[in-house]
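Peer 1: For reference, the structure I am asking about is given below.
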Amino acid sequence: MTTVDGPDNLEQLGKSVAVPDRPEEALLERVANPRGSVNYLVRFTCPEFTSLCPVTGQPDFAHIVIDYVPGKWLVESKSLKLFLQSFRNHGAFHEDCTVLIATTLVERLKPIWLRIGGYWYPRGGMPIDVFYATGAPPDDIWIPDQGVASYRGRG
């Protein structure tokens, strides 16, 4: 994965950029957190996440919710969108996709705290929900529910 730091070095924002074919080819950009002395929560929601089953090649669908308390860095949102879209041709199990997203963000951003919920739509009649967190959140942060109900016909 290529890395770029700072608003003056952004290669994707405001430009026409093709979606990477694989997550490893994605350019996940970051910018300095202008409010680094304050703890606050950032949430990204991707209700139409798609990847491929590594066995059948059939598409898998999920509602992904990423919450993080930034440290020194913020993820640039267009690069995050392109990174998430790069999974559309990526063959991996639900657990692997969810944890790969989380660990990539943790490695790149070094957040104070991060959690991800991967709410996967059923395949074979069984939904799989995958959760990852870096540990306990800071005490001074309000963390809302991720807002995705237990499976009863998600949508």
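Peer 1: Kindly indicate whether ALA149 is part of a loop (DSSP other than H, G, I, E, B), at pLDDT below 95 and small (Gly, Ala, Ser).
Peer 2: yes
Peer 1: Let me ask you something else. Please verify whether SER51 is closer than 19 Å to GLU25 by Cβ and hydroxyl-bearing (Ser, Thr, Tyr), treating the condition exactly as stated. Give the derivation first.
Peer 2: Numbers: closer than 19 Å to GLU25 by Cβ: yes; hydroxyl-bearing (Ser, Thr, Tyr): yes.
Yes: the conditions hold for SER51.
Peer 1: Still on this structure: Determine, yes or no, whether THR50 is within 20 Å of GLN146 (Cα to Cα), among the hydroxyl-bearing types (Ser, Thr, Tyr) and either surrounded by 16 or more Cβ atoms within 10 Å (Cβ to Cβ) or touching a residue at least 40 places away in the same chain (Cβ under 8 Å) (or both).
Peer 2: yes
Peer 1: Among the residues of region 18-36, is any within 18 Å of ILE143 (Cβ to Cβ) and among the aliphatic types (A, V, I, L, M)?
Peer 2: No, region 18-36 contains no residue that is within 18 Å of ILE143 (Cβ to Cβ) and among the aliphatic types (A, V, I, L, M).
Peer 1: Next up: Give me the residue from region 43-89 that is touching a strand residue (DSSP E or B) at 6+ places or on another chain (Cβ under 6 Å) and among the charged types (D, E, K, R) and, out of that set, farthest from VAL106 (Cα to Cα).
Peer 2: Among residues in region 43-89 that are touching a strand residue (DSSP E or B) at 6+ places or on another chain (Cβ under 6 Å) and among the charged types (D, E, K, R), the one farthest from VAL106 (Cα to Cα) is ASP60.
Peer 1: Within region 28-46, does at least one residue satisfy the condition of being in contact with a Cys (Cβ under 9 Å, 6 or more places away or on another chain) and either at pLDDT 95 or above or farther than 24 Å from VAL148 by Cα (or both)?
Peer 2: No - not one qualifying residue is present in region 28-46.
Peer 1: When only residues in region 93-145 that are in contact with an Asp or Glu (Cβ under 8 Å, 6 or more places away or on another chain) and β-branched (Val, Ile, Thr) count, which is modelled with the lowest pLDDT?
Peer 2: Residue satisfying both the conditions and the ranking: ILE128.
Peer 1: Restricting the search to region 11-67, which residues are farther than 10 Å from PHE87 by Cβ, part of a strand (DSSP E or B) and of a type in the set (Ser, Thr, Tyr)?
Peer 2: Matches in region 11-67: THR45 only.
The values are calculated or read from the model by the stated rules, or taken from the named source; none is laboratory data. What you see is a predicted model, and the numbers here were worked out from it, not measured in a lab. Cβ atoms come from the backbone with ideal geometry, glycine included; neighbour counts cover every protein chain shown.
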